[in-house]
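Rule-based calculations on the coordinates, nothing more; no lab input. Bear in mind that the values here come from a model prediction, so they are computed numbers and not experimental data. Using ideal geometry, Cβ is built from the backbone for each residue, glycine included, and neighbour counts are taken over all protein chains shown.
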Amino acid sequence: MALRSLNLPGVGTKYEFETDKGDIVAIFFTKSGSIQMYTLQKGCRTPSAAELTPVEARRLGNILTGAIIEADQESVEVAFSALADLRITIHTYLVPESIAGKTIEDLRIRAKTGATVIAVCRKDRNNINPPPSFVFEAGDAVLVIGETDQLKLFEHEIMVA
Amino acid sequence: MEGIVLALFVCLVLALLSKYLSVPAIPFYILAGVVLGKAGLGLVTSSDISSYIADMGLIFLLFFMGLGIRIDRIAANRAAVLMSGIIDLNVNMLIGFAAAYLLGFSLEESLVIAAAFYISSTAMAVTSLVENRKLMMRESETIVWLMVFEDLVLIIVLALVTAGDQNLIVFAAKILFVLAILYALAHYGKEFLISILDRNDELPIIFTFAAVLITASFAMYLGIPDTLMVIALGAAFATTDPDAFEQHARPFKDVFLVIFFVFFGVTIDLSGGLNWYVIGVICGLAVASKLISGLLTGICIHGSALSGLEIWANTISRGEFSIALAVLYGSPPVAAAIAAMVIVTSIIGAFIAKYATHLRHGIVHLGRRSGPPRRANIRL
């Protein structure tokens with residue numbers, strides 16, 4: 001795996017990356033702001049290309065870090081290198097029918113998983129820091145913060161149960 | 001004033017059309033100018049205001065080019081820049097010069113035509129690489145560095161042409177004096193410049209505009225070419241925060257340059273009659289000579305003539321710099337010939353670049369069909 005970056009005058013910055021299997025992925029951040037991604041399979045001569053907006057590129061990045069489980073659920077991991085490499089993940093989930101009508105307190109989210117619900121988005125309105133008495137409805141998008149393990153627990157204990 | 005408004009409106013429509021068809025807009029601006037101006041309907045005539053704005057377009061174009069010149073990066077890529085650059089320079093300058101001279105242009109005119117004939121359009125090459133998704137090709141790196149080399153040659157041409165009728169020592173001393181001021185400003189004032197550029201108010205944009213115009217006026221006051229000095233200003237500013245300068249200078253460049261192209265078209269004088277023979281020969285050779293230099297570069301650098309084809313496809317278009325040379329030094333017949341060359345090569349170039357991959361596949365296919373002996377010669 002070798003990554004090389006290169007500045008092309010007038011065009012932008014290129015990052016090229018060869019995988020262990022010999023495929024090549026190249027990313028260009030062009031001056032116009034768009035991002036072009038090329039992939040070239042080993043032994044193949046013509047690459048295929050995709051042009052992305054910055055938002056699309058970030059979304060793709062999130063997928064590649066392995067954080068996204070479903071298309072409308074995404075997560076961001078933040079690492080604080082000054083705090084002994086503390087890693088905090090923020091993840092969104094969609095509330096299923098099974099927990100609709102229950103409150104945060106009923107579900108004992110904090111006690112069971114250690115993760116915290118920091119916001120709930122319902123029909124384009126955001127409730128930041130919902131109180132323990134907050135009642136979930138099916139279709140709510142919840143934003144949960146915690147360590148990766150705590151979020152896994154949250155996913156298995158609360159979302160699926 | 002109405003002339004400028006009419007010209008701008010026509011250009012706006014043409015710009016929309018050219019984006020929709022994804023072909024370069026420059027040839028259409030020039031054609032619009034020819035149709036609206038002296039040689040055509042006579043609806044638009046150039047005035048003091050239009051020529052002032054057109055001058056600013058040229059100055060901002062050259063400032064932008066200067067911003068792209070990073071001496072440290074060029075030095076780090078010397079080998080790549082030099083090899084392809086020298087092939088391109090020799091082949092195209094020689095063919096361009098010989099053709100112009102044999103067609104009956106004077107020595108001086110032939111030199112201007114040769115330079116305009118040689119220099120490809122950086123803007124069109126880069127757009128073609130990005131829009132046709134060719135950035136990953138190894139040839140694209142060669143093409144990009146080729147454009148940088150051509151920019152450097154243009155600077156030398158500008159210096160040589162303007163130095164011709166002056167006392168060389170005084171001329172060089174003046175240039176060195178201004179260069180020293182510019183680099184001292186960029187070096188010692190770097191933090192100040194960056195602090196200005198970081199602001200969110202109108203200051204960065206006023207500063208950029210003023211710096212370019214002041215440099216140009218100061219150069220004219222000293223009697224040295226403003227074109228050279230704004231390039232030097234760009235190169236000096238490139239050592240601070242070139243991206244910010246590009247962002248602030250872009251609106252001026254984009255608008256003024258449209259006026260520059262359209263009024264170049266307006267002032268074209270065809271009263272001497274159009275010599276279709278001359279225009280046909282120059283346009284044909286302009287496409288052919290880049291093919292020769294492209295093939296040679298492809299063979300020398302990538303070991304493949306097919307690579308050369310790809311280089312050719314993206315460097316056929318002549319554009320902004322050829323027009324700049326025509327405006328600065330061209331007599332009416334020279335300007336008309338260069339205008340025709342830019343229009344023809346940029347349109348042909350856009351189409352060839354779009355279908356270069358098919359061309360390449362077609363040639364490989366033919367090569368395979370014609371049997372094993374030739375197959376050995378073709379490497380991708």
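Side notes on the structure shown:
- Subset tally (residues that are of a type outside the set (Phe, Trp, Tyr) and either surrounded by fewer than 17 Cβ atoms within 10 Å (Cβ to Cβ) or in contact with a Phe, Trp or Tyr (Cβ under 6 Å, 6 or more places away or on another chain) (or both)) for segment B:214-232: 6
- Scanning segment B:116-139 for residues that are touching a Leu at 6+ places or on another chain (Cβ under 7 Å) and either without any contact (Cβ under 8 Å) to a residue 24 or more places away in the chain or outside any helix (DSSP H, G or I) (or both) yields a total of 3.
- In segment B:341-362, the residues that are more than 15 Å from the chain's Cα centre (by Cα), among the aliphatic types (A, V, I, L, M) and over 18 Å from B:LEU21 (Cα atoms): B:LEU359
Let's see how each residue does on (1) surrounded by fewer than 20 Cβ atoms within 10 Å (Cβ to Cβ); (2) within 20 Å of the chain's Cα centre (by Cα); (3) more than 22 Å from B:ALA353 (Cα to Cα):
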position	(1), (2), (3)
B:LEU41	yes, no, yes
B:ALA54	no, yes, yes
B:ILE59	no, yes, yes
B:VAL91	no, yes, no
B:TYR118	no, yes, no
B:MET124	no, yes, no
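- Put simply, of B:PHE64, B:PHE60 the only residue that is in contact with a Lys or Arg (Cβ under 8 Å, 6 or more places away or on another chain) and either on the phi > 0 side of the Ramachandran plot or within 14 Å of another protein chain (Cβ to nearest Cβ) (or both) is B:PHE64.
- Being hydroxyl-bearing (Ser, Thr, Tyr) and either buried (at least 18 other Cβ atoms within 10 Å of the Cβ) or assigned to a helix (DSSP H, G or I) (or both) is a property that B:SER271 lacks.
- Annotation: of all residues in segment A:40-56 being over 22 Å from B:ALA123 (Cα atoms) and buried (at least 17 other Cβ atoms within 10 Å of the Cβ), the one that is farthest from the other protein chains (Cβ to nearest Cβ) is A:LEU40.
- So B:SER84, is it surrounded by fewer than 23 Cβ atoms within 10 Å (Cβ to Cβ), part of a helix (DSSP H, G or I) and among the small types (Gly, Ala, Ser): no
- Looking across segment B:126-136, the residues that are within 20 Å of A:THR46 (Cβ to Cβ) and more than 8 Å from every other protein chain (Cβ to nearest Cβ) come down to B:SER128, B:GLU131, B:ASN132, B:LYS134.
- Any helices (runs of 4 or more DSSP H) falling wholly within segment B:154-251 and containing at least 1 residues that are farther than 29 Å from B:ASN92 by Cβ and among the β-branched types (Val, Ile, Thr): B:168-188, B:190-197, B:203-222
- Among the residues of this structure, B:LEU36 does not count as one that is under 23 Å from B:ASP151 (Cα atoms), among the aliphatic types (A, V, I, L, M) and touching a residue at least 40 places away in the same chain (Cβ under 8 Å).
- Pair list, Cβ < 7 Å and 6+ apart or interchain, from segment B:277-294 residues that are surrounded by fewer than 20 Cβ atoms within 10 Å (Cβ to Cβ) to residues that are not in a helix (DSSP H, G or I): B:VAL278/B:LEU103; B:VAL281/B:LEU103; B:VAL287/B:ILE316
- The requirement of being surrounded by fewer than 21 Cβ atoms within 10 Å (Cβ to Cβ), touching a helix residue (DSSP H, G or I) at 6+ places or on another chain (Cβ under 6 Å), touching a residue at least 60 places away in the same chain (Cβ under 8 Å) and assigned to a helix (DSSP H, G or I) is satisfied by B:PHE256.
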